[in-house]
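The values are calculated or read from the model by the stated rules, or taken from the named source; none is laboratory data. Computed from a prediction, not measured in an experiment: that's the story for all the values here. Backbone-built Cβ (ideal geometry, glycine too); neighbour counts: all protein chains shown.
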Amino acid sequence: MEKMITVVLVGAGNRANVYASVSLQHPEKMKVVGIVDPDPVRRELMRERYNVSMENYFEDVAEFVKREKFADAVINGTMDHLHVPTSIPILEKGYDMLLEKPFAVNEQEMNKLVEVARKHGSKVVIGHVLRYTDFYRSIKNHVLSGEIGKIISIETCEHVSYHHMAVSYVRGKWASEKVCFAPMLLAKSCHDVDILLWMMKETNPTQIVSFGADFQFGKDRKPAGAGTRCMQDCPYAKECIFSADSNYLSFPRWGQYVWKCLEANKNLTEEEQAESLRTDNRYGKCVWDFERDGNVDHQAVMFNFANGATGTFSMVGGCAKPERNIHIVGTLGEIKGTFDDSRYVVRKMAPATSELGYEETVYDLNVKGDMIGAAGGHGGGDEKLVHDFLDYLNGHEPSVSCATIEDSVISHRAVFKAMQSKYNGEIVKI
Ligand SMILES: NC(=O)c1ccc[n+]([C@@H]2O[C@H](COP(=O)([O-])OP(=O)(O)OC[C@H]3O[C@@H](n4cnc5c(N)ncnc54)[C@H](O)[C@@H]3O)[C@@H](O)[C@H]2O)c1
């Protein structure tokens, strides 16, 4: 008989809410019993949604940990730089944790948190949701089966759409490394570095080199005559691809970020939204007017592995269509696919079967059997990660997809080393 797991949301924002939603669909498996968040609007929204009792409602972690432990686990959905300082006292109190990625913003604090988790025997799972998607999980199974032989090379890329780039990494919460402490490679693509190293798990990276730059943004690239706010004083408002009007009003993209400042208003009208973009909403400001603080909009990383294999990852922020691609070449075959299409091919060397010299099987996860392709957040990965976390707390062995804090160290360290390489122009040993 599985135990119903009780959780406290620490950082009751977008991500904590996504994970906590599983408790509404599966009340027999999980229940939200506490909330820790300094933002009274967030606390109230989440308290109502999850029906949390007033006594388990805290403004900060210090206040929360003063109470005797009253739940099985914490879902820590605070922002990147708060993960370590908020997690340490919670793990010390004996809670297990689902902790969002990136779980640390530098190597020193990463090591500190791992040490605390080890000392207290805590079960800490990191939010590497892509590992749980049918796409990456199926590809991982092909790799594990040995059918493509030993991996010689792995190439992956993440194409971030121009509107996602602008909302998150130029106008948004990850715009400035000085403020959020997480460069884009860490904040956005630690998932992709994790996937690459997860596929390569039989070996370890030994050297990393990385290049990146800001190609499109920054004040010096602002078009001549452009205004300060798209919907207030800009002559390019109709044609600009970054226009607040077309991106946030004509289509409801990225509402969780753009309307955060108006969250207390439950009956928000379009006119109020437009007024906010015209006046004080940061997402209404000209995309070229933000400080870039050394942030990039594209970055490439190369890996050398202990067994002689090589890998590359390329992040490009500013594409028409968001897309993640993977191409793994092994000694007996290869796998090539596009995550966003939920489709990949496996090619196996077969000299005796046809003139081509290989056999190809197409896996279309949109239509195949019980695979549901891209359904749900992050291709269904969000929900599956929560179920796996609950199973883990119920004593099951961690699944192939499970990224415990120990598993996640390698990809975080790789990102820190890639940033060191990018900053210093050197090949970095890992
Ligand atoms: N796994 C993924 O694919 C994925 C996707 C997006 C974001 N993320 C990560 O999830 C995390 C949260 O992102 P989000 O967009 O949900 O953020 P958010 O801003 O919506 O939520 C963060 C919450 O933390 C609260 N908070 C601030 N200081 C706090 C403190 N000291 N103690 C407790 N709560 C505090 C804020 O009030 C806010 O409600 C980030 O680390 C982000 O990088 C992960």
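Would you point out the residue of segment 164-175, among those that are assigned to a helix (DSSP H, G or I) and surrounded by fewer than 23 Cβ atoms within 10 Å (Cβ to Cβ), that is farthest from the ligand (Cβ to nearest atom)? The qualifying residue farthest from the ligand (Cβ to nearest atom) is HIS164. Close Cβ contacts (under 6 Å, 6 or more residues apart or on different chains) running from residues in segment 411-430 that are among the aromatic types (Phe, Trp, Tyr) to residues that are part of a helix (DSSP H, G or I) comprise PHE416/GLU107. Of the residues contained in segment 258-277, one or more are found to be closer than 21 Å to PRO183 by Cα and in contact with a Ser or Thr (Cβ under 9 Å, 6 or more places away or on another chain). Take ILE139 and tell me if it is aliphatic (A, V, I, L, M), more than 24 Å from the chain's Cα centre (by Cα) and either within 16 Å of the ligand (Cβ to nearest atom) or closer than 30 Å to TYR392 by Cβ (or both). In short, no. Taking the criterion of being in contact with an Asp or Glu (Cβ under 7 Å, 6 or more places away or on another chain) and either away from the ligand (no atom under 14 Å from the Cβ) or among the β-branched types (Val, Ile, Thr) (or both), the only residue of segment 9-18 that qualifies is VAL18. Beta carbons closer than 6 Å, at least 6 apart along the sequence or on distinct chains, pair a first residue in segment 164-187 that is aromatic (Phe, Trp, Tyr) with a second that is within 9 Å of the ligand (Cβ to nearest atom) for TRP174/SER168; TRP174/CYS180; TRP174/ALA187; PHE181/HIS81. Just wondering, is there one or more residues in segment 45-52 that are more than 28 Å from TYR132 (Cβ to Cβ), buried (at least 18 other Cβ atoms within 10 Å of the Cβ) and within 16 Å of the ligand (Cβ to nearest atom)? Yes, the conditions are met somewhere in segment 45-52. For segment 302-314, the tally of residues that are surrounded by fewer than 17 Cβ atoms within 10 Å (Cβ to Cβ), aliphatic (A, V, I, L, M) and part of a strand (DSSP E or B) stands at 0.
Only one entry of VAL84, VAL65, VAL116 meets the criterion of being more than 19 Å from THR6 (Cα to Cα), within 16 Å of the ligand (Cβ to nearest atom), buried (at least 16 other Cβ atoms within 10 Å of the Cβ) and without any contact (Cβ under 8 Å) to a residue 60 or more places away in the chain, and that entry is VAL84. Within segment 234-252, which residues are of a type outside the set (Val, Ile, Thr), within 28 Å of GLY294 (Cα to Cα) and surrounded by fewer than 17 Cβ atoms within 10 Å (Cβ to Cβ)? Answer for segment 234-252, where residues must be of a type outside the set (Val, Ile, Thr), within 28 Å of GLY294 (Cα to Cα) and surrounded by fewer than 17 Cβ atoms within 10 Å (Cβ to Cβ): TYR236, GLU239.
Looking only at segment 176-196, residues that are surrounded by fewer than 24 Cβ atoms within 10 Å (Cβ to Cβ), away from the ligand (no atom under 13 Å from the Cβ) and either in a loop (DSSP other than H, G, I, E, B) or modelled with pLDDT of 95 or more (or both) come to 2 in all.
Among the candidates THR78, THR6, single out the residue that is among the polar types (S, T, N, Q) and within 10 Å of the ligand (Cβ to nearest atom).
That would be THR78, the only listed residue that is among the polar types (S, T, N, Q) and within 10 Å of the ligand (Cβ to nearest atom).
Here ASN51 meets the list (1) free of Cβ contacts under 8 Å to residues at least 24 places away in the same chain; (2) touching a helix residue (DSSP H, G or I) at 6+ places or on another chain (Cβ under 7 Å) almost entirely, failing just condition (2). What's the total number of residues in segment 19-38 that are near the ligand (Cβ under 8 Å from one of its atoms) and touching a helix residue (DSSP H, G or I) at 6+ places or on another chain (Cβ under 9 Å)? Number of matching residues: 2.
When ASP388 is tested against (1) of a type in the set (D, E, K, R); (2) at pLDDT below 95; (3) within 14 Å of the ligand (Cβ to nearest atom), just one condition goes unmet, and that condition is (2).
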